[in-house]
Amino acid sequence: MTATVWSNFWKKQDSSTHEIMKLSTSYFIKKMDRQYSLKSTDAIFDYGCGPGFMAEYLADKQIKLTGADINEEFIRECREKFPSGKFIVVTEDVEKNRIILDTELVGEKKFDYIILLSISQYFPSVHELQTLLKLLAGYLSCEGKMVVADVIQPTGSRMSDGVALLLHSFLRFRLLALGKFLTHIFTSNYRDISKETQLLALSSSDMEQIGASLLLSCTEVKGLTMHPGRTSYVFEHPKITK
């Protein structure tokens with residue numbers, strides 16, 4: 001991914017967004033667990049792991065997580081909280097990441113799940129996302145799944161997403177956290193960046209074309225995240241039928 005204002009924005013984030021990020025991440029990983037019955041033997045790579053909310057849930061299931069993020073402070077937090085895991089600082093440059101991952105993951109077994117949660121929208125183009133997914137697909141096991149989750153749809157409704165976030169915050173007694181999150185959004189440069197650099201919306205056709213270019217099947221899976229205006233896609237090696 002080429003350098004963008006979005007990557008610079010997320011490199012500098014602190015704990016102001018943590019509680020709402022944890023709320024949405026917890027919703028997702030619980031849905032993933034119900035959908036795929038995650039096991040302690042599963043090797044999982046959370047690309048865009050943030051401060052380790054997915055790792056926290058998986059640790060309770062004795063699943064050791066590998067995570068990567070462009071925010072060095074997030075990675076430091078993960079290493080402190082989950083010393084048995086592996087957490088890697090990556091960049092927005094795919095070629096640099098190729099070297100980083102080859103070095104950090106040497107000798108590791110391939111992953112049963114590679115997860116990219118709520119980061120596809122920050123790529124400048126479909127091609128940039130495809131380039132990263134091609135790199136990550138090389139670390140996917142034969143039976144593994146690469147999950148690109150919480151993808152903004154061209155026809156998605158921001159209003160419905162906002163209402164869903166409000167509802168989930170209310171039901172989990174996180175309205176104060178939501179207020180803190182919204183204050184951060186309105187007082188930081190998030191809104192200015194949103195006006196200058198539109199979030200990337202991806203159609204099912206876009207994702208199917210990416211899958212075809214990677215020689216992977218692509219299946220849309222709805223309901224993995226709390227946002228009704230977004231969806232998720234699972235990439236897998238095609239099943240060989242006899």
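The values are calculated or read from the model by the stated rules, or taken from the named source; none is laboratory data. In this text, all values refer to a predicted model and were calculated from it rather than measured experimentally. Cβ: placed from backbone, ideal geometry, glycine included. Neighbour counts: every protein chain shown. Keep in mind that these areas ignore ligands, DNA and RNA; they rest on the heavy atoms of the full protein, side chains included. Shrake-Rupley method; radii C 1.70, N 1.55, O 1.52, S 1.80 Å.
Here are the numbers for the structure shown:
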{"read-out": "Looking only at the range 41-79, and only at residues there that are surrounded by fewer than 20 Cβ atoms within 10 Å (Cβ to Cβ) and among the small types (Gly, Ala, Ser), the one that is nearest to the chain's Cα centre (by Cα)", "value": "ALA43"}
{"read-out": "The listed residue being modelled with pLDDT under 95, of a type in the set (Gly, Ala, Ser) and open to solvent by 60 Å² or more (accessible area, probe 1.4 Å), out of SER15, SER26", "value": "SER15"}
{"read-out": "Out of LYS61, LYS110, sole residue that is of a type in the set (Lys, Arg), touching a residue at least 24 places away in the same chain (Cβ under 8 Å) and either within 25 Å of LEU216 (Cβ to Cβ) or touching a strand residue (DSSP E or B) at 6+ places or on another chain (Cβ under 9 Å) (or both)", "value": "LYS110"}
{"read-out": "Any hit, the range 29-40, residues being open to solvent by 20 Å² or more (accessible area, probe 1.4 Å), under 15 Å from the mean Cα position of the chain (by Cα) and either without any contact (Cβ under 8 Å) to a residue 60 or more places away in the chain or under 22 Å from GLN121 (Cα atoms) (or both)", "value": "yes"}
{"read-out": "Cβ-Cβ under 6 Å pairs, at least 6 apart or on other chains, the range 160-171 side farther than 10 Å from GLY229 by Cα, far side in a helix (DSSP H, G or I) and modelled with pLDDT of 75 or more", "value": "SER169/LEU175"}
{"read-out": "Those helices (runs of 4 or more DSSP H) lying entirely in the range 106-219 with at least 2 residues open to solvent by 30 Å² or more (accessible area, probe 1.4 Å) and among the small types (Gly, Ala, Ser)", "value": "158-171, 204-214"}
